[in-house]
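Notes follow the structure.
Throughout, read-outs are computed from the coordinates displayed, never taken from laboratory work. Because the structure is a prediction, the values reported are computed rather than measured. Every residue, glycine among them, receives a Cβ derived from its backbone with ideal geometry; neighbour counts consider all protein chains shown.
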Amino acid sequence: MRILVLLLSLFLCTQIFGQIALSPPQQKALDSIVALDVPENAPGVATALISGGKVIYQNYSGYENLENKTHIDSHSRFNIASNAKQFTALAILILEEQGKLKLSDDIRTYVPELYPTLETPVRIEHLIQHTSGIRDVYDLWSLQGITWWKQTYNNQDALNLLKAQTDLNFTPGSKYMYSNSNYILLAEIISRITETSFRDFMNQLFADLNMPETSFENDFRSIEEPVAKAYFNFDTWSTYDWKWNVVGDGNLFSSLADKIEWEKTVQGFGNPKISRKLIEKSQQLQAANENLKYGYGLEFDAYRGKPYRFHEGATGAWKATVVRFENPELAAVTLTNSGKVIPAMMTRQFTDVVLGLEKESADFKTAPENTGAYVSVDAVLGKYLTPGNYVFEFLKDDSGNLILNRLDRGEVELERESANVFHQKYDPAFKQEFTKTERGEMQVTAYYTTHAPYSLTRPEANWENFDYKTLEGTFLNAETGVKLQVEYVEDHTYSVYRNDKKSQAFLITPGKLLLGNYTLTFDHESETVDSIYLSADRIQQVKFERLP
C-alpha cells in the first residue's frame with residue numbers, strides 16, 4: 001500500500017472551485033482498498049468521499065443480508081454507534097440557541113436525582129466534552145458481571161444505575177475521560193426539557209437535516225428496514241440478535257445516503273432547516289477549552305501532520321468512521337456490518353490516496369540506539385506495569401526460553417537479540433529492552449514500527465512484616481451491589497470471588513492487587529484493611545467497604 005501511495009503522488013488530485021477531482025489511478029486505488037477487505041459472499045461496506053458538497057467517490061460492496069442475498073446499497077441502514085454523539089451534541093446546541101438551557105448549567109437542574117450530596121457542579125458542557133467524571137455505565141454493568149449486549153436495557157435502566165452512584169471518577173472539569181454515560185444523560189436532559197421522547201425530538205432534527213433514513217432506535221422490535229445485519233466470522237459468518245434499546249451515546253441507525261447528505265451540510269451545502277451558524281459551531285472546539293481534543297461529539301487531532309476532525313464507532317460487528325479535513329476540504333465516511341473490516345484504517349487509507357498523504361518518517365524510535373548491560377532471563381522475570389497498570393509478565397518455560405504474557409494477547413516466545421534486548425520470535429520488529437531506572441527498578445521498553453516506545457516498570461517492594469492475610473474478607477460496593485470476597489492463597493496470589501465468581505489476583509506491591517483488567521488499591525499500613533478502591537478503564541476509585 002505504501003508503494004501504491006507513492007506511485008499515486010504522480011497523479012495528485014486537482015481542485016475545481018475547492019472541490020477535489022480524482023484521477024483514474026486514484027479511483028482504481030480506492031476500489032482496490034475496498035476489495036482487499038470485502039471477500040466474495042461476505043458482508044461488507046458502504047463508503048463515500050465528499051468534497052465541496054459533491055460526492056467524488058462511493059462504493060457499496062458485500063451483502064446487507066447473507067440469508068436473503070441482498071446487497072448493500074445507499075439505503076442500507078447501519079448502526080453507526082458512537083458516531084451518534086455528534087447529533088446528540090447538536091441537539092443540545094439547538095436547545096441552547098432557543099434559550100432553553102445553558103452549557104454552563106448544572107445537570108442536576110434537569111436531573112435532580114443525580115448525585116444529591118455532590119457539592120461540585122457537573123455542567124452540561126462537562127458531559128459534552130467527557131470531562132464530567134461520571135462513570136461509564138457499560139463498565140459498571142461489566143463490574144456487575146453483566147454482558148450488556150445480551151440484555152434489553154433502555155435509558156431508564158442506565159439512569160437507575162447512575163442514580164445509585166455517589167462518587168465520580170474525578171472532579172468535574174479537571175480531566176478528560178471518555179464515558180458513554182455523558183451522552184445518555186444528554187439524551188435524558190433533551191427529553192425532559194422538550195417534554196417529548198428523545199427519539200421523537202431527534203427524528204424531527206433528522207427531518208430538518210434531510211436525513212429521513214436516520215433514527216435512534218429505542219425499541220429493537222421495530223427498527224425500520226433495510227438493516228445491514230451485523231456478522232462476525234469465526235470460521236464461518238454468523239449473525240446475532242440485536243436487542244439493545246439505550247440511545248444518545250449510540251444505537252443510531254443510518255444509511256450512507258443520509259450520511260452523505262450530512263457531510264454536504266457540514267461543508268456548507270444542501271438545504272437544512274438548522275442554522276448554518278449552529279452547524280459551523282458544532283464543528284469547532286469550545287473556545288474556552290481549545291486545549292481539549294474533544295468537541296461536540298467529535299475528536300480533534302492530526303493525521304500524518306494534517307489537522308482533522310473524526311470519530312469512530314463500534315457496536316459488535318457494526319463499525320463506522322468519519323474523518324473531515326480542510327484545505328482541501330474532504331470528508332470520508334465508511335460504514336460496515338462485517339466484523340473483519342476495520343473502517344478506521346480503511347477510511348484513512350482513502351485519504352492517503354486522495355490527499356497524497358505519505359506515511360511520515362517515524363518521529364519515534366523503533367529500536368534501541370545502544371546495547372546495554374547484559375541481563376539474564378532469570379533477572380527479568382516478573383510483572384511490569386505502565387502508569388495506567390497495563391501489565392507485561394515475563395515467564396520462563398521448561399526449555400529456559402523467555403515468554404511474554406499479556407492479558408489481552410496471550411503468551412509469545414521471545415529470542416535474545418543482544419545483551420539486554422529480546423524480540424518476539426515470529427515478529428522480530430517487536431523488541432523489548434531491559435534497563436534499570438534511576439531508582440534501581442528493572443524496566444522494559446517496548447519498541448514497534450507502529451507506535452512510539454513505551455516503558456513498564458517492575459515494582460520493587462519491601463515485603464518485610466507484611467501480613468498477607470490482612471486483606472482477607474468480604475467487601476461491598478453499595479453503588480452497584482457488587483461483593484468482593486478476598487482469600488489469600490500463596491506467594492502474592494489471592495482468590496477473589498466477585499459475586500461468587502472466582503478469579504485469580506496478584507499482589508504487585510503491598511498496596512496494589514491486580515484482578516484481570518481491574519486494579520485494587522488499599523491502605524496496607526493500617527492494621528486492618530477497611531476499604532478497597534477498584535479502578536479500570538472508565539471507572540475509577542470505586543469504593544468497596546469491608547462487611548462485618
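Going by a ≥ b ≥ c, the root eigenvalues of the Cα gyration tensor, does segment 377-457 fall in the rounded group (a/c under 1.5), the prolate group (a/b larger than b/c) or the oblate group? Walk me through the intermediate numbers first.
On the way: a/c = 1.29, a/b = 1.16, b/c = 1.11.
Rounded.
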Q | the chain - share of DSSP beta bridges that are antiparallel (%, nearest 5) | A | 95 percent
Q | For segment 83-131, alpha-carbon Rg over 2.2 N^0.38 Å | A | 1.19
Q) By count of other Cβ within 10 Å, fewest leading, how are I56, I80, I189 ordered? A) I56, I189, I80
Q: For segment 127-150 and segment 299-344, compute the distance between their C-alpha centroids and round to whole Å.
A: 23 Å
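Using 1/(1 + (r/R0)^6) with R0 = 30 angstrom and r between the beta carbons of N154 and Y178, what's the FRET efficiency to the nearest 0.05? Each step should come with its number before you reach the end.
Values: r = 22 Å, r/R0 = 0.73.
Approximately 0.85, to the nearest 0.05.
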Q.
Test of understanding: ordering M202, M211, M345, M177 by Cβ neighbours within 10 Å, fewest first, what list do you get?
A. M345, M177, M211, M202
Q) Label points 7 Å out from Cα along the Cβ direction at Y374 and K396: separation in nm? A) 1.5 nm
Q. Rounded, prolate or oblate: which fits the chain, taking a ≥ b ≥ c as square roots of the Cα gyration tensor eigenvalues, rounded meaning a/c under 1.5, else prolate when a/b beats b/c?
A. oblate
**Q.** Gap separating the Cα centres of segment 522-548 and segment 18-57, nearest whole Å
**A.** 52 Å
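Report the full-extension gain for the segment E224 to Y426: residue separation times 0.36 nm, less the Cα-Cα distance, to one decimal in nm. Before the final figure, lay out the partial values.
Working: separation 202, 0.36 × 202 = 72.72 nm, distance 4.75 nm.
Result: 68.0 nm gained on full extension.
Please report, in debye to the nearest 20, how large the charge dipole of segment 78-355 is about its Cα centre when each Lys and Arg carries +1 at its beta carbon and each Asp and Glu carries -1 there. Working shown, then result.
Details: 28 positive and 34 negative charges, 82 e Å.
Charge dipole, segment 78-355, about its Cα centre: 400 debye, nearest 20.
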Q: For L292 and E413, calculate 0.36 nm times their separation in residues minus their Cα-Cα distance, and state this gained length in nm to one decimal.
A: 39.5 nm
Q: Hey, can you grab everything whose amide H is under 5 Å from the amide H of Q284? Only 5+ residues off in sequence or another chain; H modelled, so Pro and N-termini drop out.
A: Y296
Q: Give the Debye-formula value of log10 I(q)/I(0) at each listed q (0.07 Å⁻¹), with one equal scatterer per alpha carbon of segment 78-355, two decimals each.
A: -0.24
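Semi-axes of segment 12-87's equivalent ellipsoid from the Cα gyration tensor, sqrt of 5 times each eigenvalue, largest first, rounded to whole Å?
Calculated on Cα positions only, the semi-axes equal 26, 18, 10 Å.
Mind listing which trypsin sites (Lys or Arg not before Pro) in segment 245-349 are in a DSSP loop and have 16 or fewer other Cβ atoms within 10 Å? Each step should come with its number before you reach the end.
Details: sites: K259, K264, K273, R276, K277, K281, K293, R304, R309, K319, R324, K340, R348; in loops: K273, K293, R304, K340.
Sparse-neighbourhood loop trypsin sites (Lys or Arg not before Pro): K273, K293, R304, K340.
Determine the shape class of segment 468-546: with a ≥ b ≥ c the square roots of the Cα gyration tensor eigenvalues, call it rounded for a/c under 1.5, and otherwise prolate if a/b is greater than b/c, oblate otherwise.
Values: a/c = 1.31, a/b = 1.22, b/c = 1.07.
Here segment 468-546 falls in the rounded category.
Would you please name the trypsin sites (Lys or Arg not before Pro) within segment 46-149 that are DSSP coil residues with at most 16 other C-beta atoms within 10 Å of their C-beta? Walk me through the numbers before you get to the answer.
Details: sites: K54, K69, R77, K85, K100, K102, R108, R123, R135; in loops: K69, K100, K102, R135.
In loop regions of segment 46-149 (DSSP not H, G, I, E or B), the sparsely surrounded trypsin sites (Lys or Arg not before Pro) are K69, K100, K102.
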Q. For L278 and S455, what does the FRET efficiency come to when R0 = 56 Å and r is the distance between their Cβ atoms, rounded to the nearest 0.05?
A. 0.80
Q. How much length is gained if the chain between R192 and F466 is pulled fully straight, taking 0.36 nm per residue apart and subtracting their Cα-Cα distance, in nm to one decimal?
A. 93.3 nm
Q.
Defining a contact as two alpha carbons under 8 Å apart and six or more residues distant in sequence, what relative contact order in percent does segment 413-548 show?
A. 13 percent
Q.
I'd like the Karplus ³J(HN,Hα) series for segment 392-398: coefficients 6.51, -1.76, 1.60, θ = phi - 60°, whole numbers in Hz, and an x wherever there's a Gly or Pro.
A. 9, 10, 9, 10, 10, 7, 5
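Compute the FRET efficiency between D491 and K359 as 1/(1 + (r/R0)^6), taking r as their Cβ-Cβ distance and R0 = 60 Å, and round to the nearest 0.05.
Plugging the Cβ-Cβ distance into 1/(1 + (r/R0)^6) gives 0.80.
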Q) ³J(HN,Hα) across segment 172-178 via Karplus (A = 6.51, B = -1.76, C = 1.60, θ = phi - 60°), whole Hz, x for Gly/Pro? A) x, x, 8, 8, 10, 8, 4
Q: For segment 193-348, list log₁₀ I(q)/I(0) at each q in 0.11, 0.14, 0.16, 0.20 Å⁻¹, using the Debye formula over Cα point scatterers of equal strength and ignoring solvent, two decimals each.
A: -0.50, -0.82, -1.06, -1.49
Q. Any idea what Rg and Dmax come out to for segment 163-270 if you just take the C-alpha atoms, in Å?
A. 17.2, 49
Q: State, as an integer percentage, the relative contact order of the chain based on alpha-carbon contacts under 8 Å between residues 6 or more apart.
A: 14 percent
Q: Would you be so kind as to identify which of T366, G410, G382 lies farthest towards the positive end of the dipole of the chain, taking Lys and Arg as +1 and Asp and Glu as -1 on Cβ and the Cα centre as origin?
A: T366
Q | Listed residues S495, G248, I532: farthest to the positive end of the dipole of the chain (Cβ charges) | A | G248
(Q) Spelling out what I want: for every residue of segment 272-283, take phi, set θ = phi - 60°, compute 6.51 cos²θ - 1.76 cosθ + 1.60 (Karplus), and round to whole Hz; glycine and proline get x. (A) x, 8, 8, 4, 4, 4, 5, 5, 4, 4, 5, 9
Q: Return, for the Cα atoms of segment 46-113, the radius of gyration and Dmax in Å, separated by a comma.
A: 19.2, 51
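Greater than 19 Å separation of Cα atoms is the criterion. Which listed pairs, K383/K502; K264/K319; K85/K319; K293/K319, meet it?
Details: K383/K502 22 Å; K264/K319 21 Å; K85/K319 14 Å; K293/K319 22 Å.
Over 19 Å Cα-Cα: K383/K502; K264/K319; K293/K319.
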Q: Compute the label zone of K483 within segment 529-548: residues whose backbone N is under 18 Å from the point 7 Å along Cα-to-Cβ.
A: 530-532, 543-548
Q: Arrange the following residues from fewest to most other Cβ atoms within 10 Å of their Cβ: H130, H75.
A: H75, H130
